[in-house]
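I have placed the structure first, in the form of structure tokens, so that the comments after it can refer back to it.
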Amino acid sequence: MIRLVTEPFEPGAELTAFCAGRRESGAVASFVGIARADAGQTTALELEAYPGFTEAEIGKMVAEATKRFGLHDALVVHRHGAIAPGEPIVLVATASAHRREAFEACDYLMDYLKSRAPFWKKEHGPAGARWVEPTARDLDDIARWD
Amino acid sequence: MRVLLFGRLGDLAGWRERAFDPAPATLSALKALIATGDAALGAALDGPGVRAAVDRAIVRGEAALSPASEVAFLPPMSGG
């Protein structure tokens, strides 16, 4: 399931709901991305999405991960709009029969979300605002899966 | 035709959504029209990593447009 939200969400509650009722998935892996303060250099994040298109593109990534890693299920919750330091931005959870596939699929989905999901991120700080684009490290991370 | 700009392109242009009537017949004609009114934006649309989507599907190269089209210009993406 893919959800874009504009209000803060509770990762623990999301994960509890995602785990509930599973009898055949022996493994659930999860990742929570949190907005960093960068020692005061970032006072707020602003994430822009393209409603409709963003969910559809993430849906393609999830379908690809499901096929590649044999997932039973996956959850992506992603904030957009204004986000304060300390607030969760993204939750990815993956369910599979055994742990390795769940861990790898979670890592894969995060690498894709960082540099291929249709979001545009602006950092606001004392020195002004700047648009963040994928770093060399983000591009190296995604290249691991080719 | 609805044209959407995202990320730094919206800041550069000073708008994020605009209707074009009459609608240009092709993506290249739309870009040429935008460049006529705003040369810096026109150059940015052809800049590195900027992609276009027509009716929410990424297009490469040229695309035919109609008055009902929704065209979006997408700079490099960064989620998470």
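The values are calculated or read from the model by the stated rules, or taken from the named source; none is laboratory data. Keep in mind that what you see is a predicted model, and the values were worked out from it rather than measured. Because the Cβ atoms are built from the backbone with ideal geometry, glycine has one as well, and the counts that use them run over all protein chains shown.
Would it be correct to say that residue B:59 is surrounded by 12 or more Cβ atoms within 10 Å (Cβ to Cβ), more than 10 Å from the chain's Cα centre (by Cα) and within 24 Å of residue A:112 (Cα to Cα)? Spell out how you get there, then give the answer.
Details: surrounded by 12 or more Cβ atoms within 10 Å (Cβ to Cβ): yes; more than 10 Å from the chain's Cα centre (by Cα): yes; within 24 Å of residue A:112 (Cα to Cα): yes.
So residue B:59 fits the description; yes.
Is there a residue being within 12 Å of chain B (Cβ to nearest Cβ) and over 26 Å from residue A:10 (Cα atoms) anywhere in region A:117-125? Lay out the reasoning, then the answer.
Taking region A:117-125 and keeping what is within 12 Å of chain B (Cβ to nearest Cβ), we get A:117-123.
Okay, now just the ones that are also over 26 Å from residue A:10 (Cα atoms), so none.
Within region A:117-125, none of the residues are within 12 Å of chain B (Cβ to nearest Cβ) and over 26 Å from residue A:10 (Cα atoms).
Do you know which residues across region A:92-146 are in contact with a strand residue (DSSP E or B) (Cβ under 7 Å, 6 or more places away or on another chain) and closer than 20 Å to residue B:49 by Cβ?
A:113, A:118, A:119, A:120, A:121, A:122, A:123, A:129, A:130, A:131, A:132
Can you tell me which residues in region A:38-72 are assigned to a loop (DSSP other than H, G, I, E, B), of a type outside the set (Gly, Ala, Ser) and either within 14 Å of chain B (Cβ to nearest Cβ) or closer than 23 Å to residue B:76 by Cα (or both)?
Within region A:38-72, A:38, A:41, A:42, A:43, A:50, A:51 meet the criteria.
Which of the residues that make up region A:9-37 are surrounded by 13 or more Cβ atoms within 10 Å (Cβ to Cβ) and part of a loop (DSSP other than H, G, I, E, B)?
A:9, A:22, A:25, A:26, A:35, A:36, A:37
Yes or no: residue B:20 more than 14 Å from chain A (Cβ to nearest Cβ) and among the aromatic types (Phe, Trp, Tyr)?
On the way: more than 14 Å from chain A (Cβ to nearest Cβ): yes; among the aromatic types (Phe, Trp, Tyr): yes.
Spelling it out, residue B:20 is indeed more than 14 Å from chain A (Cβ to nearest Cβ) and among the aromatic types (Phe, Trp, Tyr).
Could you check, for region A:115-125, whether at least one of its residues is among the acidic types (Asp, Glu) and more than 25 Å from residue A:21 (Cβ to Cβ)?
Quick first cut of region A:115-125, residues among the acidic types (Asp, Glu) only: A:123.
Of the ones still in play, those that are also more than 25 Å from residue A:21 (Cβ to Cβ) are A:123.
Yes: region A:115-125 contains one or more residues that are among the acidic types (Asp, Glu) and more than 25 Å from residue A:21 (Cβ to Cβ).
Give the residue that is modelled with the highest pLDDT, with candidates limited to residues of region A:18-62 that are acidic (Asp, Glu) and under 13 Å from residue A:125 (Cα atoms).
First pass over region A:18-62, keeping only residues acidic (Asp, Glu): A:24, A:38, A:46, A:48, A:55, A:57.
Cutting the leftovers down to under 13 Å from residue A:125 (Cα atoms) gives us A:38, A:46.
On the way: A:38: 88, A:46: 95.
The residue in question is A:46.
Please work out which residue is nearest to residue A:33 (Cα to Cα), limiting yourself to region B:24-49 and to residues that are within 14 Å of chain A (Cβ to nearest Cβ) and surrounded by fewer than 17 Cβ atoms within 10 Å (Cβ to Cβ).
Narrowing region B:24-49 to residues within 14 Å of chain A (Cβ to nearest Cβ): B:44, B:47-49.
After this cut, where a residue has to be surrounded by fewer than 17 Cβ atoms within 10 Å (Cβ to Cβ) as well, the list is B:47-49.
Numbers: B:47: 30, B:48: 28, B:49: 25 Å.
By that ranking, first place goes to B:49.
So if I check each of B:79, B:61, B:49, which one is over 23 Å from residue A:121 (Cβ atoms), at pLDDT below 95 and of a type in the set (Gly, Ala, Ser)? First the steps, then the outcome.
On the way: B:79 fails: over 23 Å from residue A:121 (Cβ atoms); B:49 fails: over 23 Å from residue A:121 (Cβ atoms).
Result: B:61 is the single residue among B:79, B:61, B:49 that is over 23 Å from residue A:121 (Cβ atoms), at pLDDT below 95 and of a type in the set (Gly, Ala, Ser).
Taking region B:55-80, which residues are more than 29 Å from residue A:91 (Cα to Cα) and either without any contact (Cβ under 8 Å) to a residue 40 or more places away in the chain or more than 13 Å from every other protein chain (Cβ to nearest Cβ) (or both)?
Initial filter on region B:55-80 (more than 29 Å from residue A:91 (Cα to Cα)): B:59-71.
Hits for region B:55-80 are B:59, B:60, B:61, B:62, B:63, B:64, B:65, B:66, B:67, B:68, B:69.
One residue is enough: does region B:10-23 have a residue meeting the conditions at pLDDT below 95, of a type in the set (Asp, Glu) and out of contact with any strand residue (DSSP E or B) (no Cβ under 6 Å at 6 or more places or on another chain)?
Yes - at least one qualifying residue is present in region B:10-23.
Could you pull out the residue among B:41, B:9, B:4 that is within 22 Å of residue A:61 (Cβ to Cβ) and either assigned to a strand (DSSP E or B) or in contact with a helix residue (DSSP H, G or I) (Cβ under 8 Å, 6 or more places away or on another chain) (or both)? Reasoning before the result, please.
Working: B:41 fails: within 22 Å of residue A:61 (Cβ to Cβ); B:9 fails: within 22 Å of residue A:61 (Cβ to Cβ).
Just one listed residue meets the conditions, B:4.
Is at least one residue of region A:106-113 in a strand (DSSP E or B) and within 13 Å of chain B (Cβ to nearest Cβ)?
From region A:106-113, those in a strand (DSSP E or B) are none; that's our starting set.
Within region A:106-113, not a single residue is in a strand (DSSP E or B) and within 13 Å of chain B (Cβ to nearest Cβ).
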